[in-house]
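In what follows, a structure is listed as structure tokens, so that the remarks can point back to it.
The values are calculated or read from the model by the stated rules, or taken from the named source; none is laboratory data. In this text, all values refer to a predicted model and were calculated from it rather than measured experimentally. All Cβ positions, glycine included, derive from the backbone under ideal geometry; neighbour counts span all protein chains shown.
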Amino acid sequence: MRGKVYLVGAGPGNPDLITIRALNLLKSADTVLYDRLVSREIISLIPESTKAVCVGTDHGEDSAMKQDGINQLMLDDASRGLTVVRLKCGDPFVFGRGGEEIGFLADHDIRFEIVPGVSSALGVTTFAGIPLTHRDISSSILIISGHRKRQEENDWKTVANFDGTIVIMMGIAEVREIMSKLMAAGMSPVLPAAIVQNGTMQNQKVFIGRISDIADIAERNSVVSPGIIVVGKVVSLATLVTVPGSEGQERFP
């Protein structure tokens with residue numbers, strides 16, 4: 001009898017934010033295939049007797065070839081009757097290639113189940129005290145990837161004209177280029193912007209500035225992934241509060 005694959009969202013990093021369903025599956029799985037950005041704290045929840053394999057793609061690595069290998073690992077173990085957890089940072093369907101993987105599993109008659117997780121786009125900003133919507137400021141959210149397939153480009157004119165909060169995932173390494181393209185597309189250089197590094201974790205850092213200077217702030221503070229970028233008027237609210245549970249975490253300014 002063939003096994004089953006569970007596409008599981010690990011949440012934004014803090015182990016307190018993983019779902020009960022995800023935790024139970026980690027404890028009962030035969031194999032866990034986890035992404036590079038899944039936190040060490042969550043990886044530590046996997047029993048030592050479980051086969052755990054990091055299958056994340058490093059920066060610059062051919063993601064298509066890597067994905068073929070991940071698909072084969074899922075197929076091999078599920079075909080042997082094993083229970084496989086494909087563990088993804090955040091939610092499996094928010095820039096997690098979950099849609100591609102369930103298509104592959106369906107094509108090969110492998111049973112699967114999707115377990116939602118708290119998307120980093122939502123969990124990280126909330127933990128940092130940045131409300132993505134606010135009745136008086138923003139009633140809509142645009143979530144985009146700062147890292148596209150080769151030779152693909154975001155429609156920066158449309159993004160710049162968006163009247164709401166913009167969350168940019170996987171864009172830390174290109175923050176200067178992204179901010180330049182937004183300003184070139186007509187976005188005001190004084191619009192508030194923030195970067196949240198290591199969101200929801202004990203070493204979380206929040207950097208607050210404007211579109212015109214957030215890249216300089218990131219460079220001065222040697223900001224690297226993992227992190228997300230938030231652009232919009234709601235960022236100004238982040239300076240007003242200290243979120244319970246985040247005491248002692250660094251905030252600039």
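Brief remarks on what is shown
- Candidates in segment 127-179 are the residues that are assigned to a strand (DSSP E or B) and polar (S, T, N, Q); of these, the one that is nearest to ALA193 (Cα to Cα) is THR165.
- Test: ALA185 is of a type in the set (A, V, I, L, M) and either surrounded by 16 or more Cβ atoms within 10 Å (Cβ to Cβ) or under 20 Å from ILE208 (Cα atoms) (or both): no
- Residues of segment 217-239 classified as part of a helix (DSSP H, G or I) and free of Cβ contacts under 8 Å to residues at least 40 places away in the same chain, total: 3
- Residue pairs meeting the criteria (Cβ under 6 Å; at least 6 apart or on separate chains; first among the aliphatic types (A, V, I, L, M), in segment 63-85; second at pLDDT below 95): ILE70/VAL55; ALA78/ARG2
- Answer from ARG148, ARG135 - the residue that is at pLDDT below 95 and either over 23 Å from VAL38 (Cβ atoms) or assigned by TED's automatic domain parsing to the domain that holds GLY96 (or both): ARG135
- Across segment 84-100, the number of residues qualifying as surrounded by fewer than 24 Cβ atoms within 10 Å (Cβ to Cβ) and under 17 Å from LYS4 (Cα atoms) comes to 3.
- ASP77 meets the conditions (1) at positive phi; (2) surrounded by 21 or more Cβ atoms within 10 Å (Cβ to Cβ) in every case but one. The failed one is (1).
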